[in-house]
Every structure is written in structure tokens, then in C-alpha cells.
Amino acid sequence: MGKENISSRKLQANETRNKIYETAKKLFLEHGFENVSVDSIVEAAGVSKGSFYVHFKSKDVLPSIFINDYINNADLDYKIYLEDKDSKVPTSEVLILVTGRIAELMDGRIGCDIMKNIYKSHITKSIDTNYSMIYSRELYKVYVDILERGLRLGDVKSDIPVDTLAKHLILALRGITFEWCIQDSDFNLKEQYITHIELLMHGILIH
């Protein structure tokens, strides 16, 4: 009976956490991060304020968790090409496909407002930013997989280590994302991502 009670409490705790998480995500996307308070989150979720702080240290930790979850759950189409060993789709096409999907995810599901908070947290060290660093590592793995496939196909230069190339691709995306955060609404994130990736590919792909 004791184990059953513990399992029931854990299940209820997980349900409460998920309710808070999903409610906060919805409110952030609808009203902007700065315009949503912990009070409005718990009111909309129908839970107590104490319950919020049982599961989350503060409102500021949520954006990093969102990004990590989005990246982990995103159905990046590159897997189709990587899993099919007979696929001859050029590495450049796969890189552009993945980069475009990442831009769509950032712009359509995460938003500039949440990314601004992430950059602020990184700079001020006001919260633990491990979640958003995990996000970076996940993207790093994506690009490593694509570049290693390119080596096997013979359309990526072999004199530059794959991990070095992947790190520079991530650095480029970080820089463009930061520019997106400080520019006005005319900045097209997907267009800028792809343009920059195409420029970088001229240096790493065999033509």
C-alpha cells in the first residue's frame, strides 16, 4: 500500500508540473515572457503558488527548459537521410533543410522574446543555464551526424575535423539568433540562417 501511495503522489506531482509547464508556455507565446507573471501562470493552471515553486525555482528557468524540450522533440527531417545509408542527397541540401527547420522552430515555437531572456540569463548568470547549453549540445550532435555522413559520401573536406566544423556552425547560428533578438521585426531569421550556412558551405564542401 505504501508503494502505491508513493507512486500516486509522484504521478500527481508530475501532472501538476506538466500543467504548470504547458500553461506557462502557452501564456508566454500569447503575451510575451515579460508580460506573464507567476501569479497569472498558477491562476490559469489552477494550482497554488507554492506548487509552482516546488517544481520550478523561478519563472526565469522556464525558457531554457522550453528550448531543450523543443529541440529534443523536434522531428528534424535530417534523420530520414542519415538513417538511409543508400541516400545520395547532397550534404548541402541536408544542412539547408535542418537549418531551415531550426529557424522555423525558433521563430514559430520559441520566439524572440524568450530568446532574449535566455541571452540575458547567460550574461548575468542569474539562473542555471544548463538547459540551454544542452540545447546547444543537441544541435552540435545534429551537425556532427550530417558532416560525418558528408565525409562518407565524399562531399565534405576531410582536412578539417568534423567537431570543429560543427562548433563553428553552432557559433554562427548563435550569432545570427542574437542579431535577430536586437533587430527590428524585418529581420528574417530563416533567410539569414540559410544565407550564412550557404556561405560557410563554400569553405567546407567539395565542389
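Every condition in (1) over 30 Å from Leu139 (Cβ atoms); (2) in the same structural domain as Leu139 (by TED's automatic domain parsing) is met by Asp69 except one, and the failing one is (1).
The residues of the stretch 176-207 that are outside any helix (DSSP H, G or I) and aromatic (Phe, Trp, Tyr) amount to a single one, Phe187. The residue of the stretch 36-68 that is farthest from Asp107 (Cα to Cα), among those that are loosely packed, with under 15 Cβ neighbours inside 10 Å and modelled with pLDDT under 90, is Lys57. Taking only the stretch 69-117 into account, find how many residues are at pLDDT 80 or above and under 28 Å from Gly154 (Cα atoms). So the count comes out to 15.
So, in the stretch 182-198, of the ones that are charged (D, E, K, R) and touching a helix residue (DSSP H, G or I) at 6+ places or on another chain (Cβ under 9 Å), which residue ends up nearest to Ala103 (Cα to Cα)? Break it down into steps so the answer makes sense when it comes.
Step one: filter the stretch 182-198 for residues charged (D, E, K, R), giving 184, 186, 190-191, 198.
Now restrict to residues that are touching a helix residue (DSSP H, G or I) at 6+ places or on another chain (Cβ under 9 Å): 190-191, 198.
On the way: Lys190: 5, Glu191: 9, Glu198: 14 Å.
Result: Lys190.
Of note, Ser132 does not satisfy the criterion of being at pLDDT below 70, in contact with a helix residue (DSSP H, G or I) (Cβ under 7 Å, 6 or more places away or on another chain) and surrounded by fewer than 17 Cβ atoms within 10 Å (Cβ to Cβ).
The values are calculated or read from the model by the stated rules, or taken from the named source; none is laboratory data. All values derive from a computational prediction rather than experimental measurement. Every residue, glycine as well, gets a Cβ built from its backbone with ideal geometry; the counts of neighbours run over all protein chains shown.
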